[in-house]
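J.: Take a look at the following structure, please.
Rule-based calculations on the coordinates, nothing more; no lab input. Since the model is a prediction, treat every value here as computed from it, not as a measurement. Using ideal geometry, Cβ is built from the backbone for each residue, glycine included, and neighbour counts are taken over all protein chains shown.
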Amino acid sequence: MSTVYETMYILRPDLSDEQVEQAIAKYQTLIQDQGAENIEIQNRGKRRLAYEIKKQRDGIYIQMNYTGPGNIIAPLERAMRLSEEVIRYLTIKQEVSEAAAEKVAVTA
């Protein structure tokens, strides 16, 4: 059964645009290989952090929304935890209303 997830992660602010695109592509490929579908990625840009994290005051926010089985989260978060470019990450399971779930079921 597929579940809707949202992963928000913050990249170091000193990364070039090319490095940011490479990081986004890396994590997108990782979840696609694990069976994720309907992947939507939003680059929220550089923003000020609420508090200093790993000696950084700013960060580049990236949001990924996707559907997939629950076993895709562990490899994704492990890769982010081991990465030097990711400051923070958080994955949440989205609540889907019954009407939206029926709509997805009908279009699938």
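J.: Can you sort ASP17, ASP58 by how many other beta carbons sit within 10 Å, fewest first? Could the numbers behind the result be given before it?
T.: Details: ASP17 9, ASP58 16.
The most exposed by this proxy come first: ASP17, ASP58.
J.: Sort out the exposed loop GluC sites (Glu not before Pro) in the chain (DSSP loop, at most 10 other Cβ within 10 Å) and tell me the longest stretch that has none.
T.: 1-83
J.: Calculated from DSSP H runs of 4 or more alone, at -39500 (n - 2.57) each and per residue, what is the 222 nm mean residue ellipticity of the chain, nearest 500?
T.: The per-residue figure over the chain is -10500 deg cm²/dmol.
J.: Taking the beta-carbon count within 10 Å as an exposure proxy, list ILE24, ILE39 from fewest neighbours to most.
T.: The most exposed by this proxy come first: ILE39, ILE24.
J.: List the relative contact order of the chain as a percent without decimals, with contacts defined as Cα pairs under 8 Å and 6+ residues apart.
T.: Worked out over the chain, it gives 44 percent.
J.: Grab the eigenvalues of the alpha-carbon gyration tensor for the chain, scale each by 5, take roots, and send me the semi-axes largest first in whole angstrom. Spell out each step's value before the answer.
T.: Details: eigenvalues 150, 41, 30 Å².
Over the Cα atoms of the chain, the ellipsoid semi-axes are 27, 14, 12 Å.
J.: Among TYR5, TYR51, TYR66, which comes first, then next, by fewest other beta-carbon atoms within 10 Å?
T.: Numbers: TYR5 20, TYR51 5, TYR66 24.
Ranking TYR5, TYR51, TYR66 by Cβ neighbours within 10 Å, fewest first, gives TYR51, TYR5, TYR66.
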